[in-house]
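Structure record follows, encoded as structure tokens.
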Amino acid sequence: MPKVLVTGMSGTGKSTAVQMLSERGHRVVDTDTDEWSHWITLPDGSADWIWREDAITSLLASHEHGHLFVAGCKTNQGKFYPQFDHVALLSAPPGILLARITTRISNPYGKRPEERALILQHLAEVEPRLRATATIEIDASAPISQVVQQLEDLT
């Protein structure tokens, strides 16, 4: 019953990877939906898109059969690390991420200049924290089939 968190910055291929894992018969959850995440207002007035802790708690506690891959990158995900068998960080150089974001049609995030600047800021500030807490880092600049195989091999 392995549980794997697939995390990383925008454009690393988290959603594509879990879609392929689903097609291979694995249970997957992409947390970038209102079912799994919600907006909160931070004390400084800024907004944060975080996991619905009750939903994630229930998901992880109720998983009993097969492999579970959960995709997401939220500020509160660290609370759940002890419940995962692996925390897999997908990473790729900035140029690759920005090129992918420019051409993707499944997600509008990253099209505006201020969003692209924020992605680069997150690469500099957030990704090192993810790297420090991940159990494995996967080079997401590799073909997606290789990335998915590395994720499957974790189980």
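Values quoted throughout were computed directly from the atomic coordinates according to the rules given, and no laboratory measurement underlies them. Since the model is a prediction, treat every value here as computed from it, not as a measurement. Neighbour counts are summed over all protein chains in view; Cβ atoms, including those assigned to glycine, are modelled from backbone coordinates with ideal geometry.
Summary table below
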quantity	calculated
Fewest-first ranking of W51, W39, using other Cβ atoms within 10 Å as the exposure measure	W39, W51
Rotationally averaged projected area of region 3-153 (alpha carbon convex hull; nm²)	9.0 nm²
Positive-end residue, region 93-144 charge dipole about Cα centroid, Cβ charges, pick of T135, I105, I119	I105
Other-chain or far-sequence residues with amide H under 5 Å of V29's (modelled H)	F69, V70, A71
Antiparallel content of DSSP bridges confined to region 3-153, in %, to 5	25 percent
Most positive-pole-ward Cα, I56, S37, G66, against dipole of region 16-72 from beta carbon charges	G66
Kyte-Doolittle mean at least -1.0 and Cα axial length at least 15 Å: DSSP H helices in the chain	113-125
Least to most buried among L120, L154, L21 (fewest other Cβ within 10 Å first)	L120, L154, L21
Dipole magnitude of region 3-153 about its Cα centre (Cβ charges: Lys, Arg +1; Asp, Glu -1), debye to nearest 20	300 debye
